[in-house]
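Below you'll find the structure, written out as structure tokens, and then a few comments.
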Amino acid sequence: MKSQLTTLCYIEQDDKYLLLHRVKKKNDINENKWIGVGGHFEAGESPDECLLREVFEETGLTLNSYKFRGIVTFLSDDDPAEYMCLYTSDSFSGTIKTCDEGTLEWIKKEDFLSLEHWEGDVIFLKLLQNPLQPFFSLKLVYKNKKLEKAVLDNKVLDL
């Protein structure tokens, strides 16, 4: 069984995010969605170690600096809870490589809403862009892949 602990990073450059269009993996819960880069912890990894490994494996990039921005708790139907450590980075080196999970593409931040994505991603992307929200805890509850409830820092949000 895969770890229920994951990382996700939104790499930023020139008012764009490096997003992964998940179109290559079979039986992918994120199939055809546009998401940041990251993945599941391996045994003994810290969140930072997982972040750096996953970003390098998926993109070929090495993060020179990054910020731990929040914890996102996902609940979906009868699946076990997933806890995602959410990061941003605007300093990296290396050359983007082909990813075996999908297609990597620089997308203007304002164009994200026009792409296929999870409903809850809009909530945490807005939080990431808010300088007054340096760190947050967000709980997203999905039923049949539809966002039913969002709780930010223990306060229920209007959807």
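The values are calculated or read from the model by the stated rules, or taken from the named source; none is laboratory data. Owing to the predicted nature of the structure, the values given are computational and were not obtained by experimental measurement. Quick reminder, even Gly has a Cβ in these numbers, built from the backbone with ideal geometry, and neighbours come from all protein chains shown. In case anyone asks, the SASA skips ligands and DNA or RNA and just uses the protein heavy atoms, side chains included. Shrake-Rupley method; radii C 1.70, N 1.55, O 1.52, S 1.80 Å.
Determine which member of the set ASP111, ASP158 is open to solvent by 70 Å² or more (accessible area, probe 1.4 Å) and among the charged types (D, E, K, R).
Exactly one of ASP111, ASP158 is open to solvent by 70 Å² or more (accessible area, probe 1.4 Å) and among the charged types (D, E, K, R), namely ASP158.
Okay, residues lined up against (1) in a strand (DSSP E or B); (2) at pLDDT 95 or above:
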site	(1), (2)
GLY38	yes, yes
GLU45	no, yes
ASP48	no, yes
PHE56	no, yes
THR62	yes, yes
ASP78	no, no
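With the condition kept exactly as written, say whether any residue in the stretch 140-153 is assigned to a helix (DSSP H, G or I) and either in contact (Cβ under 8 Å) with a residue 60 or more places away in the chain or hydrophobic (A, V, I, L, M, F, W, C) (or both).
no
Tell me whether the stretch 97-109 contains one or more residues that are in a loop (DSSP other than H, G, I, E, B), in contact with a Gly (Cβ under 6 Å, 6 or more places away or on another chain) and modelled with pLDDT of 95 or more.
The answer is yes, given that some residue of the stretch 97-109 is in a loop (DSSP other than H, G, I, E, B), in contact with a Gly (Cβ under 6 Å, 6 or more places away or on another chain) and modelled with pLDDT of 95 or more.
Taking into account only those residues within the stretch 1-36 that are touching an Asp or Glu at 6+ places or on another chain (Cβ under 7 Å), in a loop (DSSP other than H, G, I, E, B) and not basic (Lys, Arg), which is farthest from ILE123 (Cα to Cα)?
GLN4
Among what's in the stretch 76-100 and is aliphatic (A, V, I, L, M) and over 15 Å from the mean Cα position of the chain (by Cα), pick the residue that is least open to solvent (accessible area, probe 1.4 Å).
Top of the filtered list is ALA81.
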